[in-house]
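Colleague: This is the structure I want to talk about, given as structure tokens.
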Amino acid sequence: MDYNFSEIEKKWQRWWEENDTYKVVEDKEKKKFYVLNMFPYPSGAGLHVGHPLGYIASDIYARYKRLRGYNVLNPMGYDAYGLPAEQYAIQTGQHPAKTTDDNIRRYKQQLDNIGFSFDWSRELRTCDPEYYKWTQWAFRKMFNSFYCNKCGKAQPIEKLIARFSEKGTEGLDAACSEEMSFTAGEWNAMSEKEQQQVLMNYRIAYMGETMVNWCAGLGTVLANDEVVDGVSVRGGYPVVQKKMRQWCLRVSAYAQRLLDGLDTIDWTESLKETQRNWIGRSEGTEMEFRIAPSGSPGGGGLSPDSANQNSPTGGAEGAFTIFTTRADTIFGVTFMVLAPESELVARLTTDEQRDAVAEYIEYVKKRTERERISDRKVTGVFSGSYAINPFTGENIPIWISEYVLAGYGTGAIMAVPAHDSRDYAFARHFGLEIIPVVEGGDIEKESYDAKSGKLINSDLLDGLDVKEAIGRILGEIERRGLGRRLVNYRLRDAIFSRQRYWGEPFPIYYKGDTAYPLPEDKLPLELPPIENFGPTEQGEPPLARVKGWTTEEGYPLELSTMPGFAGSSAYYLRYMDPHNDKALVSKQADEYWRSVDLYVGGIEHATGHLMYSRFWNMFLYDLGYVCEKEPFKKLVNQGMIQGRSNFVYRIVGTNKFVSLG
């Protein structure tokens with residue numbers, strides 16, 4: 001008898017829907033199992049073949065767990081905000097809400113046709129105000145929190161205010177954008193505006209000046225993965241690096257916890273290693289280099305009159321600070337390198353080099369940070385200035401190059417070409433001196449990067465092993481007042497605002513230029529209807545077109561919207577309790593489902609969604625809203641379909657296999 005799949009499958013799919021076959025509720029009599037797929041962005045093309053690749057595998061496992069007696073949560077929803085829908089709206093005039101809704105209907109039909117065992121009663125859409133109310137709620141909590149390094153967790157901002165009133169910054173150990181120092185008397189004498197500016201320096205959600213990928217053609221800031229070869233993935237518009245004031249999340253405060261948490265979860269080692277590298281923990285030294293006055297031999301840096309100006313990087317007068325993990329190689333430093341974005345560039349560029357430096361900076365503006373990290377080509381320009389090696393007293397040239405990043409360390413490095421491969425390539429390219437200070441290797445061929453061997457050409461360190469030399473030089477640096485030991489992280493704070501329409505509105509209003517959060521009972525702040533989805537003629541975000549985009553009292557609301565990863569950072573929690581209008585998730589539901597037991601999705605999200613979700617969860621854990629430190633116990637990457645097929649043939653009558661061609 002033929003299997004009439006069309007008739008049979010429709011019959012049972014209809015029966016499953018009518019009888020809520022896969023609907024699940026908390027049941028303390030049963031063990032729970034939470035299966036989750038990374039929810040899709042509903043594009044106009046519908047499901048692509050990569051979606052069911054993961055969904056089918058996880059659905060098989062969900063069915064298996066049900067048959068074993070588990071209470072299985074297997075939900076599905078839609079990551080509905082995004083730039084593609086907005087660009088389509090700009091091109092066609094159709095509101096992105098309509099196109100998104102149409103696309104979701106197509107996705108739902110396709111998913112149902114496949115026959116997945118999803119609990120559709122828990123369906124989520126990140127563009128639904130009842131959903132993004134809780135995204136706004138979480139942002140508001142972050143705005144009203146700071147990170148206490150001493151207690152290792154987020155704390156209410158009111159505790160920081162009380163401390164400032166009593167002690168100022170004395171003994172304070174909190175994550176911040178820049179170190180501050182003031183007394184209780186000075187704090188209490190500040191105006192409200194001044195106090196708010198200080199608090200912004202400590203808030204977990206804060207407004208800060210940062211380098212961004214600015215796309216004028218799209219009128220918005222783009223993430224690194226939205227830019228390739230200096231142009232936007234969407235539309236191919238030019239993208240440049242630009243300093244802008246943006247909303248940020250202080251993810252860097254959680255760097256060590258994000259690192260330690262990797263040891264507690266069942267993820268592939270390759271994915272864990274990707275996150276470890278992205279977090280980039282390193283132990284080293286912060287050290288000061290004075291700038292050679294222009295009148296000194298080989299100088300050309302600060303003039304004698306300006307040599308007493310304060311360093312923008314927080315060093316002593318006429319000095320700047322670098323971070324290094326290899327202070328033992330100080331005698332092998334033959335040049336310094338500044339990140340092109342460093343404030344020192346303008347200050348240290350001589351008149352003779354100004355045009356060449358300006359041309360180089362324009363080139364770097366078209367390069368994303370990711371491209372600068374992965375591309376090994378050598379580029380750079382001489383600033384015209386020199387620094388003074390604090391141990392040899394020699395003047396060493398200060399260069400500018402894209403291989404140094406402003407966000408890592410201080411944005412300035414001491415270059416030791418004999419023992420660092422990128423420094424070596426740079427020195428060879430520009431004909432700079434190379435001095436070996438650790439025995440081993442052949443610097444005529446390549447740098448010797450091993451962290452072992454005896455020190456040579458290093459004065460007080462000669463004959464010591466590397467480990468001994470590091471301890472000796474660190475003590476000497478501290479004794480001479482040249483620097484301090486420090487743990488550094490590559491992980492940067494997340495840029496959290498986009499100058500576009502189709503995203504979650506910020507629950508923020510302004511008195512003058514001071515930001516304040518909307519009261520919690522005013523959430524959700526709904527995205528208003530709009531006809532023109534592009535930026536204004538003055539370059540402002542689309543929400544600037546909305547008349548009356550203010551509070552009831554007339555204070556202007558924030559014009560930017562949240563980025564794509566905002567809605568996906570806590571959706572796994574909302575699935576636990578999707579219809580609760582009093583909380584993101586109830587204590588009862590959270591303590592039953594706890595965390596995701598099996599999460600399936602692409603490894604391409606390793607340094608984006610997966611990092612931000614872990615941070616978001618840790619923040620909510622600090623405030624007592626969730627009971628688990630990590631959101632995803634086990635993670636499986638389904639792999640990627642590459643768009644090619646290989647056929648293998650067996651030669652008739654043999655066990656020999658061959659491929660075509």
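The values are calculated or read from the model by the stated rules, or taken from the named source; none is laboratory data. It should be emphasised that the depicted structure is a prediction, and the values quoted were computed from it without experimental measurement. Cβ: placed from backbone, ideal geometry, glycine included. Neighbour counts: every protein chain shown. What goes into the accessible areas is simple: the full protein's heavy atoms, side chains included, and nothing from ligands, DNA or RNA. Shrake-Rupley method; radii C 1.70, N 1.55, O 1.52, S 1.80 Å.
Colleague: Checking the cross-link filter: which lysines have an alpha carbon closer than 23 Å to that of residue 445, excluding same-chain neighbours under 8 positions apart?
Modeller: Of all the lysines, those that pass the test against residue 445 - Cα under 23 Å, at least 8 places apart if same chain - are 377, 454.
Colleague: Could you give me D for region 8-52, from Stokes-Einstein at 37 °C and 0.692 mPa s, where the hydrodynamic radius is the Kirkwood radius over C-alpha pairs? Units µm² s⁻¹, please.
Modeller: Reported coefficient: 234 µm²/s.
Colleague: What's the ranking of 387-395, 401-409, 536-544, 24-32 by average number of surrounding C-beta atoms within 10 Å, highest first?
Modeller: Answer by packing, highest mean first, reads 401-409, 387-395, 536-544, 24-32.
Colleague: Using a/c under 1.5 as the rounded threshold, could you call region 90-147 rounded, prolate or oblate? The axes a ≥ b ≥ c are square roots of the C-alpha gyration tensor eigenvalues, and prolate needs a/b larger than b/c, oblate otherwise.
Modeller: oblate
Colleague: How big is region 482-598 by Rg and Dmax over its Cα atoms, in Å?
Modeller: Both quantities, over Cα of region 482-598: 18.9, 59 Å.
Colleague: How many percent of the alpha carbon pairs in region 447-545 exceed a separation of 18 Å?
Modeller: 71 percent
Colleague: Then there's this: Dividing the Cα convex hull volume of region 48-147 by residue count, how many Å³ per residue is that?
Modeller: Convex hull volume per residue, Cα atoms: 169 Å³.
Colleague: If you don't mind, another one. When N is the residue count of region 96-206, what does its C-alpha Rg come to as a fraction of 2.2 N^0.38 Å?
Modeller: Relative to the 2.2 N^0.38 Å estimate, region 96-206 comes out at 1.70.
Colleague: Where a Cα-Cα gap under 29 Å defines reach, which lysines qualify for residue 193, not counting those fewer than 8 residues away within the same chain?
Modeller: Partners within reach: 133, 141, 150, 153, 159, 167, 242, 243, 511, 522, 547.
Colleague: Follow-up question, since we're still on this one. Counting pairs of Cα atoms in region 365-519, how many percent are more than 27 Å apart?
Modeller: For region 365-519, the fraction of Cα-Cα distances above 27 Å is 43 percent.
Colleague: Let me cross-check residue 198: its accessible surface, 1.4 Å probe, with only protein heavy atoms counted, in Å² to the nearest 10?
Modeller: 10 Å²
Colleague: Note down the Stokes-Einstein diffusion coefficient of region 336-429 in µm²/s, whole number, using a Kirkwood radius over alpha carbon pairs, 10 °C, and 1.306 mPa s.
Modeller: 117 µm²/s
Colleague: Next question. Just need the Rg to Rh number for region 541-597, please, alpha carbons only, Kirkwood Rh.
Modeller: Rg/Rh for region 541-597 comes to 1.18.
Colleague: Just to confirm my numbers, what's the Cα centroid distance between region 431-460 and region 159-200 in Å?
Modeller: Result: 47 Å between the Cα centres.
Colleague: Another question about this same structure. Could you tally the net charge around residue 579, taking each other residue with its Cβ under 15 Å from the Cβ of residue 579, Lys/Arg +1 and Asp/Glu -1?
Modeller: Charge balance near residue 579 sits at -3.
Colleague: While we're looking at this one, here's another question. Can you classify region 436-492 as rounded, prolate or oblate using the Cα gyration tensor, where a ≥ b ≥ c are the square roots of its eigenvalues, rounded means a/c under 1.5, and otherwise it's prolate if a/b beats b/c and oblate if not?
Modeller: Taking the square roots of the gyration eigenvalues as a ≥ b ≥ c, region 436-492 is oblate.
Colleague: Moving on. Using only the heavy atoms of the protein chains and a 1.4 Å probe, how would 212, 240 rank by accessible area, largest first?
Modeller: The most accessible residue leads, giving 240, 212.
Colleague: Just for the Cα atoms in the chain, what are the lengths along the principal axes, largest first, rounded to whole Å?
Modeller: For the chain, the Cα extents along the three principal axes come out at 93, 84, 52 Å.
Colleague: What Kirkwood Rh does region 517-562 have if only Cα atoms enter the pairwise 1/r average? Answer in Å.
Modeller: It works out to 11.7 Å.
Colleague: I want the local charge near residue 228. Using Cβ-Cβ distances under 10 Å, sum +1 for each Lys or Arg and -1 for each Asp or Glu among the other residues.
Modeller: So the environment of residue 228 carries a net charge of -3.
Colleague: Once the whole set of protein chains is in place, how much accessible area is left on residue 268, using a 1.4 Å probe, in Å² to the nearest 10?
Modeller: Rounded to the nearest 10, the figure is 60 Å².
Colleague: What is the mean projected area of the alpha carbon convex hull for region 69-110, to one decimal in square nanometres?
Modeller: 4.0 nm²
Colleague: On to the next question. Taking only DSSP H segments of four or more residues, each worth -39500 (n - 2.57), what value at 222 nm results for the chain once the sum is divided by all its residues, to the nearest 500 deg cm²/dmol?
Modeller: After summing the helix terms and dividing by the residues of the chain, the value is -9000 deg cm²/dmol.
Colleague: Follow-up question, since we're still on this one. Per residue, how big is the convex hull around the C-alpha atoms of region 167-247? Give it to me in cubic angstrom, could you?
Modeller: Each residue corresponds to 109 Å³ of Cα convex hull volume.
Colleague: While we're here: Report the antiparallel proportion of the DSSP beta bridges in the chain as a percent, rounded to a multiple of 5.
Modeller: So the antiparallel bridges amount to about 80 percent of the total.
Colleague: Now, a different point. In whole Å, how far is the Cα centre of region 213-276 from that of region 358-397?
Modeller: Result: 23 Å between the Cα centres.
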